[in-house]
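Novice: My questions will all concern the structure given below.
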Amino acid sequence: MTKKKNRRSLKNDLRLILRGYRVLYEVCPQNIIWITVNAIAQQFAPYFTLYLSAEIINQLIAGASLQTLLTLALVTVTGQLFLNVTLHLLSCKKEETESINFDLNELYMLKVGCRMQYKHLENPDTALLRQKIRNFSNFGGHGLSTLLWCYETLFGAIANIVFSVSLTMSLFRTMPHVTLTGFLACVNHPLSALVLLVLIGLNIAVKMFSIYQVEPKCTKLWSSFNFRFARCLKYADHNADVTVLGAIGLCIERCRQTLIDYDNECLRENFKLAAKRSFIDRTMETVTNLALYLYIGAKSYIGIFGVGNFFLYTGTVDRFLRAVSDFGSSISRLRQNNDYLIEVYRYLDLPDDMYRGTLSVEKREDNKFEIEFRNVSFRYPGSDTYALKNVSFKFRIGERLAFVGMNGSGKTTFVKLMCRLYDPTEGQILLKGIDISKYNYDEYVKLFSVVFQDYFTFAFSLGENVSAKQDYDAEKVWSCLKHVGVWNKFSKTERGLETPLGTGYQTDGVEISGGEAQKVALARALYKDAPYIILDEPTAALDPIAEAEVYAKFNEIVGDKTAIYISHRLSSCRLADKILVFHDGEIVQQGSHDRLVADTNGKYYELWNAQAQYYT
Ligand code: ADP
């Protein structure tokens, strides 16, 4: 990681940081705006006081009238009070936007939900990358979160630099028409300003050098100690052996020791570096301060500005140097964070090369959306073997189909291609004779209600679970629940459709059984009311009798829709109009149960006989 960092130029680092801020602004513009306004106001306040206090001293020494002095004092105090109130209001506003507690992971979820191709979603590398980002974001605050945390210091430093520089400009004024000799003449010469600026510049350079040397060393150290610390914590957290052995004390001691080791190591690194730089650093600081005080003092003595400005300039230059230091620290931290940002961008930049089509899907009441697989073959990305081989099949509207076959024979892949989660490697899938890739994807996918094998229920309300929406048609939800037979359980409860399912999101949720969850998933498929309804082994966890009940129910509720039922329990499929038998990625047989079972040489007969023992 460090090697990579060393190779990256400042320009590239800045580019990465700027991109991060653009992303942040897209995600949480309110936060960014209020932090910016707040930082400007926070930095402005001390300059206001410094400036007016200097003015009061100047006027006092110049013998101004009491009225002028009182007016100035009044302006200073009321201005200060006004600023205090403004700062308070601004920081409340800032807290308010922060109290939304924006989780930057939302960005990733949005990305996944909106436009990430299914092939990336299913890819274990993508899941690993997402996990990695969540880990370093949640546990170390790295990635986009660091950008947000650094923003206030960074922007505050920039505002500080702008204010201090604009107030200090007048320090370099000279007095052209006076005759001065010796030291005072030197100070009044324009070149002396240059010498002072060079000194300040050198001071900044030395500070930056130490920031870049010390801070990254400690951060780099922490990544190796963090690993050891996390390992000890994990032992302490999860291992039954630890409990039985009574080794918790050992784990805690190791955690503590790791932190002490880190501290010592970090200090040692710091000391080594500090020793190297301290002489130059301190000498530079002393020389700069001395030169600065002499310069300002002498100019005040000459009469170029009042004595009050002595305090103004020393104060602003001091703030300027601190701001430069803060700016350098923030940039240094942001540059180190770039190693993490690169991972975030790797995720955000996963290519979305799926063509989502433009053709509108015709709206029809009669559900006549004819779909045809024409010589379709498919290989999963990165796989050499075909999951589907030269499959051709034309759906008849309103038909009830059952897909059967051994595990891995291609049934789910067929459904995934049909829903365009993947595009065929060869051949075509057509809707009303037109390749499905030509249709607007969002409209096309509305044709399918699918309950996948690994369906899940959200820990949100029952109504949201069925409708998959926040604003739902309550009557329709109840009707779907009635159809699938889970109406009674909830109709009697006080919260009805508002009942949260499970306690994962709200502690007062209601736990439901596997069978009930499966019925809720079915109700969800009904609510969508799509012309094609597909159940891909959602009943795998149920016993054969319960599954037969579900199937009977399913048959009754699908109405005139085209339905596909996938199951490895053949008894459930007997009532289908047509059974498609999959084997090694091919449809090897199709027909009614009676016809297929009569073919004693066929795959279906073999499968049926293998399972018959369960149903007799
Ligand atoms: P079925 O639904 O009949 O059990 P699938 O359609 O799930 O079968 O799988 C068909 C073949 O495709 C199997 O060999 C399976 O291992 C493979 N397969 C399924 N999903 C993936 C995937 N995401 N990546 C690679 N191969 C896969």
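The values are calculated or read from the model by the stated rules, or taken from the named source; none is laboratory data. This structure is a prediction, so every number in the text was calculated from the model and none was measured. Because the Cβ atoms are built from the backbone with ideal geometry, glycine has one as well, and the counts that use them run over all protein chains shown. In case anyone asks, the SASA skips ligands and DNA or RNA and just uses the protein heavy atoms, side chains included. Shrake-Rupley method; radii C 1.70, N 1.55, O 1.52, S 1.80 Å.
Novice: Being open to solvent by less than 70 Å² (accessible area, probe 1.4 Å) and either within 31 Å of the chain's Cα centre (by Cα) or not assigned by TED's automatic domain parsing to the domain that holds residue 424 (or both): is that true of residue 479 here?
Specialist: Answer is no for this residue.
Novice: Within segment 5-16, is there a residue that is hydrophobic (A, V, I, L, M, F, W, C), more than 22 Å from residue 161 (Cα to Cα) and either more than 20 Å from the chain's Cα centre (by Cα) or at pLDDT 90 or above (or both)?
Specialist: yes
Novice: Do you know which of the residues in segment 384-399 that are in contact with a Phe, Trp or Tyr (Cβ under 7 Å, 6 or more places away or on another chain) and more than 23 Å from residue 117 (Cα to Cα) is farthest from the ligand (Cβ to nearest atom)?
Specialist: 392
Novice: For segment 281-311, which positions are of a type in the set (A, V, I, L, M, F, W, C) and in contact with a Gly (Cβ under 9 Å, 6 or more places away or on another chain)?
Specialist: Of everything in segment 281-311, just one residue is of a type in the set (A, V, I, L, M, F, W, C) and in contact with a Gly (Cβ under 9 Å, 6 or more places away or on another chain), namely 310.
Novice: Here's another thing I want to ask about it. Looking at (1) more than 9 Å from the ligand (Cβ to nearest atom); (2) over 29 Å from residue 603 (Cα atoms); (3) in the same structural domain as residue 565 (by TED's automatic domain parsing), find the lone condition where residue 358 falls short.
Specialist: Among (1) more than 9 Å from the ligand (Cβ to nearest atom); (2) over 29 Å from residue 603 (Cα atoms); (3) in the same structural domain as residue 565 (by TED's automatic domain parsing), residue 358 violates only (3).
Novice: In segment 458-474, is there at least one residue being surrounded by 16 or more Cβ atoms within 10 Å (Cβ to Cβ), modelled with pLDDT of 90 or more, away from the ligand (no atom under 13 Å from the Cβ) and in a loop (DSSP other than H, G, I, E, B)?
Specialist: Yes, that holds for at least one residue.
Novice: If I ask for residues that are among the hydrophobic types (A, V, I, L, M, F, W, C) and assigned to a helix (DSSP H, G or I), which ones from segment 485-517 would you list?
Specialist: 487, 490, 497, 517
Novice: Among the residues of segment 403-428 satisfying the criterion of being more than 10 Å from the ligand (Cβ to nearest atom) and within 19 Å of residue 590 (Cβ to Cβ), which is least open to solvent (accessible area, probe 1.4 Å)?
Specialist: 418
Novice: Going by the structure shown, is residue 163 surrounded by 14 or more Cβ atoms within 10 Å (Cβ to Cβ), more than 30 Å from residue 306 (Cα to Cα) and of a type outside the set (A, V, I, L, M)?
Specialist: No: the conditions fail for residue 163.
Novice: Another question, if that's okay. What residue, among those in segment 518-570 that are at pLDDT below 75 and of a type in the set (D, E, K, R), is nearest to the ligand (Cβ to nearest atom)?
Specialist: Here the answer is 547.
Novice: For residues in segment 235-250 being in a helix (DSSP H, G or I) and modelled with pLDDT of 75 or more, which is surrounded by the most Cβ atoms within 10 Å (Cβ to Cβ)?
Specialist: 235
Novice: Condition check: more than 18 Å from residue 309 (Cα to Cα) and modelled with pLDDT of 85 or more. Does residue 50 satisfy that?
Specialist: no
Novice: Which number in (1) open to solvent by 10 Å² or more (accessible area, probe 1.4 Å); (2) among the hydrophobic types (A, V, I, L, M, F, W, C); (3) part of a helix (DSSP H, G or I) marks the one condition that residue 520 misses?
Specialist: In the conditions (1) open to solvent by 10 Å² or more (accessible area, probe 1.4 Å); (2) among the hydrophobic types (A, V, I, L, M, F, W, C); (3) part of a helix (DSSP H, G or I), residue 520 misses (1) alone.
Novice: Among the numbered criteria (1) closer than 29 Å to residue 570 by Cβ; (2) within 13 Å of the ligand (Cβ to nearest atom); (3) in contact with a helix residue (DSSP H, G or I) (Cβ under 8 Å, 6 or more places away or on another chain), which single criterion is violated by residue 381?
Specialist: Of (1) closer than 29 Å to residue 570 by Cβ; (2) within 13 Å of the ligand (Cβ to nearest atom); (3) in contact with a helix residue (DSSP H, G or I) (Cβ under 8 Å, 6 or more places away or on another chain), only one is false for residue 381: (1).
Novice: Scan segment 247-263 residue by residue and report those that are out of contact with any Phe, Trp or Tyr (no Cβ under 7 Å at 6 or more places or on another chain) and over 12 Å from residue 225 (Cα atoms).
Specialist: 247, 248, 249, 250, 252, 253
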